[in-house]
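Everything on this sheet refers to the single structure shown next.
The values are calculated or read from the model by the stated rules, or taken from the named source; none is laboratory data. Note that the structure is a prediction, hence the values are computed from the model and not measured. Because the Cβ atoms are built from the backbone with ideal geometry, glycine has one as well, and the counts that use them run over all protein chains shown. Accessible surface areas use protein heavy atoms only, side chains included; no ligands, DNA or RNA. Shrake-Rupley method; radii C 1.70, N 1.55, O 1.52, S 1.80 Å.
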There are 2 protein chains.
Amino acid sequence: MALGTDYDGQDCSLARALELVGERWTPLILRDAFIGVRRYGDFLDHLDIPRAVLAARLQALVDAGVMARQRYQDAPPRDEYVLTAMGRDLWPALHLLSQWGERHLSEQGPRRVYTHLPCGSQLQNGSCPACGAVRPEDVEVRPGPGAAQTRTDAVSVALREPHRLLEPLRTP
Amino acid sequence: MALGTDYDGQDCSLARALELVGERWTPLILRDAFIGVRRYGDFLDHLDIPRAVLAARLQALVDAGVMARQRYQDAPPRDEYVLTAMGRDLWPALHLLSQWGERHLSEQGPRRVYTHLPCGSQLQNGSCPACGAVRPEDVEVRPGPGAAQTRTDAVSVALREPHRLLEPLRTP
DNA sequence: CTCCTGAGTTCGGTGAATGAACCTACGGCA
DNA sequence: TGCCGTAGGTTCATTCACCGAACTCAGGAG
C-alpha cells in the first residue's frame with residue numbers, strides 16, 4: 001500500500017495478518033504465487049509493480065515464513081519464490097475475496113473459473129459443493145466469460161490455457 | 001498501507017476487490033462494522049485511525065455500496081454506518097483471513113472465539129462443522145485465551161462480554 | 001449567551017510508493 | 001581476453017498518501 005505498515009494498538013489477529021499480507025501489492029503477489037508464478041521477472045511482468053517494491057515484499061514474505069526462496073538452477077545461480085505451508089494456508093481467504101469481487105464487481109460474468117479436479121465440480125463459496133474443503137493443488141483455473149485477454153506478458157498468455165494451481169507456469 | 005489506491009492493468013477480480021476493500025484501514029473498519037460498530041466516533045476510538053482517513057474510507061465504502069449511511073436520530077441529526085448486503089457478503093473472506101492470523105500469528109491461543117448460535121458449535125475454517133455456511137448475524141464472538149484486554153476504549157470494553165455479530169454495540 | 005458534543009475538514013510534516021537509471025554476477029561467444 | 005546479454009536486484013529524486021493536531025460547524029443543554 002501505501003498501507004503505512006502496521007496497526008500497533010490492535011489486539012486482533014486480523015490486524016496481525018494484515019501487517020503481513022495486507023500491504024499494497026502483497027495479495028496480488030500471493031495470488032500470482034498460487035497461480036504458479038515463481039520468478040522475480042515473471043512477477044514483475046505480470047504485476048507492473050515497481051522493482052524495489054517487489055523485492056521488498058518478497059523479502060518480507062520470506063522473512064515471515066509465508067514464502068521460501070529456493071535455488072532452481074546453479075549455473076548461473078537462480079532462485080525462485082514458492083509458497084510455504086503457511087502461505088498455502090492463505091488460499092481460502094484469498095480465493096473468497098476474489099470470488100466476492102467476481103460476484104459484486106464483474107460486469108461480464110466471471111473472469112476465471114475454478115474446478116475441483118478430483119471430482120470435476122466448480123468451486124462455490126471457496127469450497128467444493130461435493131467434497132467440502134479443497135487444497136489449491138487440486139484446483140484448476142480456466143479463463144471465464146468475463147476474461148479480457150488484453151495483457152500480453154508471458155504469465156497472462158500462459159493463463160489463457162487451463163492450469164493447475166501451484167504448478168509452475170511455463171514461461172518462455 | 002499506504003496502498004496507493006488502484007491496480008490499473010490487472011484483469012483480475014481480486015485486484016478490483018482490493019481497490020475497494022484492500023486500502024489501509026479498510027479491512028479493520030469492516031471488521032468493526034461486523035462486530036457492531038456503527039458510529040464515526042466509535043470507529044475512531046477503537047481503531048486509532050486519523051480522522052481524515054476514516055472519513056475518506058467510510059465515504060468510499062458508502063459510494064461503492066458496501067456500507068450505507070442512515071439517520072438514527074433527528075435532534076441533533078446523527079447518522080450511522082451499517083453494512084449493506086454486499087458488505088455482509090464479505091464476512092467469510094474477512095473471517096478466514098482473521099482465522100489465518102489466529103493459526104499462524106497468535107502465540108497465546110485464539111484472541112476471539114466464534115460460536116454458531118443456532119447449533120452452539122464453534123466455527124472451523126470459516127464455517128460451522130455441523131451446519132455448513134453461516135450468516136454473520138448467527139455468530140457470537142467471545143474473548144478467547146489469547147485476548148489481551150489492554151485497550152480501554154468503549155468498543156473494546158463492550159467486547160469483553162459475548163456479543164452477537166452485526167448487533168449494534170452498546171457504548172456509553 | 002455560552003458551553004459541550006459529535007462529526008467532520010484543513011493543513012503542514014513525514015514516510016512509503018513510483019519509475020527510471022544504475023549495478024552486479026554469470027555465461028556465451030568471437 | 002574482451003564484449004554482449006540476461007536475471008535479479010539497488011539507488012535515488014519525485015510524488016502521493018498517511019499522519020495528527022488544530023480548526024470548523026451544527027445543534028442541543030444550561
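Quick notes on this one:
- Within segment A:84-112, the set of residues being more than 9 Å from every other protein chain (Cβ to nearest Cβ) and open to solvent by 20 Å² or more (accessible area, probe 1.4 Å) comprises A:T84, A:A85, A:R88, A:E107, A:Q108, A:G109.
- Selection count, segment B:33-78, where residues are among the acidic types (D, E) and touching a residue at least 24 places away in the same chain (Cβ under 8 Å): 2
- Of all residues in segment B:143-158, those satisfying the criterion of being surrounded by 14 or more Cβ atoms within 10 Å (Cβ to Cβ) and touching a strand residue (DSSP E or B) at 6+ places or on another chain (Cβ under 8 Å) are B:P143, B:G144, B:A147.
- Note on segment B:69-172: enclosed strands (runs of 3 or more DSSP E) holding 3 or more residues that are more than 21 Å from B:Y40 (Cβ to Cβ) and in contact with a Phe, Trp or Tyr (Cβ under 8 Å, 6 or more places away or on another chain) are B:139-143.
- Condition met for A:L117 (under 19 Å from the mean Cα position of the chain (by Cα) and within 14 Å of another protein chain (Cβ to nearest Cβ)): no
- Considering the conditions (1) farther than 30 Å from A:V113 by Cβ; (2) touching a Cys at 6+ places or on another chain (Cβ under 8 Å), A:D63 is excluded by exactly one of them, (2).
- Of the candidates A:L90, A:L123, the single residue that is within 24 Å of B:W91 (Cβ to Cβ) and touching a Leu at 6+ places or on another chain (Cβ under 7 Å) is A:L90.
- Restricting segment B:40-68 to residues that are outside any helix (DSSP H, G or I) and surrounded by fewer than 18 Cβ atoms within 10 Å (Cβ to Cβ), the residue that is nearest to the other protein chains (Cβ to nearest Cβ): B:D48
- Across segment A:130-141, the number of residues qualifying as within 14 Å of chain B (Cβ to nearest Cβ) and under 17 Å from the mean Cα position of the chain (by Cα) comes to 4.
- Matching option when the condition is assigned by TED's automatic domain parsing to the domain that holds B:L44, of a type outside the set (F, W, Y), farther than 24 Å from A:V21 by Cβ and more than 18 Å from the chain's Cα centre (by Cα), among B:Q59, B:Q122, B:Q73: B:Q73
- Scan of segment B:122-166 for residues that are in contact (Cβ under 8 Å) with a residue 40 or more places away in the chain and hydroxyl-bearing (S, T, Y), ordered by number: B:S156
- Test for A:A56: is it small (G, A, S), within 16 Å of DNA strand D (Cβ to nearest atom) and more than 22 Å from A:R160 (Cα to Cα): yes
- Lone qualifier among A:E167, A:E140, A:E161 - being of a type in the set (D, E), more than 23 Å from A:I49 (Cα to Cα) and open to solvent by 50 Å² or more (accessible area, probe 1.4 Å): A:E161
- Given (1) out of contact with any helix residue (DSSP H, G or I) (no Cβ under 9 Å at 6 or more places or on another chain); (2) within 11 Å of DNA strand D (Cβ to nearest atom), number of the condition A:D6 does not satisfy: (1)
- Some residue of segment A:149-157 being more than 16 Å from DNA strand D (Cβ to nearest atom), away from chain B (no Cβ under 13 Å) and among the charged types (D, E, K, R): no
- Reported count of residues in segment B:63-111, each being within 16 Å of DNA strand C (Cβ to nearest atom) and not aromatic (F, W, Y), is 17.
- Every condition in (1) touching a Ser or Thr at 6+ places or on another chain (Cβ under 6 Å); (2) closer than 14 Å to B:L14 by Cβ holds for A:W91 except the one numbered (1).
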